[in-house]
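Undergrad: Handing you this structure, nothing more for now.
Read-outs: derived from the displayed coordinates by stated rules, not from any lab. What you see is a predicted model; the values in this text were computed from it and never measured. For neighbour counting, all protein chains shown are included, and Cβ atoms are generated from backbone atoms with ideal geometry for every residue, glycine included.
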Amino acid sequence: MQDQDNVTRILDAFRSTDAPLLPVLQAVQAEFGFVSEAAMREIANALNLSRAEVYGVVSFYHDFRMEPPAQPVVKLCHGEACQARGLRQLLTQMTRIEQEQLEPVYCLGLCAVGPAAMSPNGGVHARLDAGSLRQLLEDPR
């Protein structure tokens with residue numbers, strides 16, 4: 001559960017920022033791992049926006065979650081370069097349960113060494129094969 005005091009603290013940190021909605025949402029997401037309905041209400045009130053406007057931004061961008069993830073999520077690049085370097089073949093080797101632990105993103109900037117992924121702590125992993133991706137899913141550091 002997101003603590004209202006922490007959301008307020010985040011909002012206070014961005015009071016003087018022009019167009020603070022995205023930075024506030026990113027900070028809430030970074031702190032809690034998701035943006036709750038209560039946080040969206042508080043953000044809307046503080047920024048003088050409608051809840052629909054805040055919800056629209058949260059639901060539009062794939063990086064925002066409205067519920068806590070069930071487990072750490074590994075972001076797997078689905079960009080064209082990673083696809084050209086074997087991403088589709090790699091995905092066919094993963095089970096449905098393993099695939100559910102993967103969040104598609106579109107470019108991690110590791111185009112020459114793909115397929116690539118990012119662990120929950122921000123570490124990047126390149127030249128993935130089925131074994132290394134499974135190992136990353138088991139221990140996503």
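Undergrad: Among H78, A112, L102, whose Cα lies farthest out toward the positive end of the dipole of segment 74-138, if unit charges sit on the beta carbon of Lys, Arg (+1) and Asp, Glu (-1)?
TA: Looking along the dipole axis, the top candidate is A112.
Undergrad: Can you give the Kirkwood hydrodynamic radius of the chain from its Cα pairs, in Å with one decimal?
TA: Taking the inverse mean of 1/r over all distinct Cα pairs, the chain comes out at 16.4 Å.
Undergrad: Could you put V74, V28, V35 in order, starting from the residue whose Cβ has the fewest other Cβ atoms within 10 Å?
TA: The fewest-first ordering by Cβ neighbours comes to V74, V28, V35.
Undergrad: I've got another one for you. Using a 7 Å offset from the Cα along the Cα-to-Cβ direction at both F34 and H62, what is the distance between the two label points in nm, to one decimal?
TA: Inter-label distance under the simple model: 1.9 nm.
Undergrad: Let me ask something else. By DSSP, what percent of the beta bridges with both residues in the chain are antiparallel, rounded to the nearest 5?
TA: In the chain, DSSP labels about 50 percent of beta bridges as antiparallel.
Undergrad: Nothing charged except the Cβ atoms of Lys and Arg (+1) and of Asp and Glu (-1): what's the magnitude of the dipole of segment 1-45 about its Cα centre? Round to the nearest 20 debye.
TA: That gives segment 1-45 a dipole magnitude of about 80 debye.
Undergrad: For segment 4-60, which semi-axes, largest first and in whole Å, follow from the square roots of 5 times the eigenvalues of its Cα gyration tensor?
TA: Over the Cα atoms of segment 4-60, the ellipsoid semi-axes are 14, 13, 11 Å.
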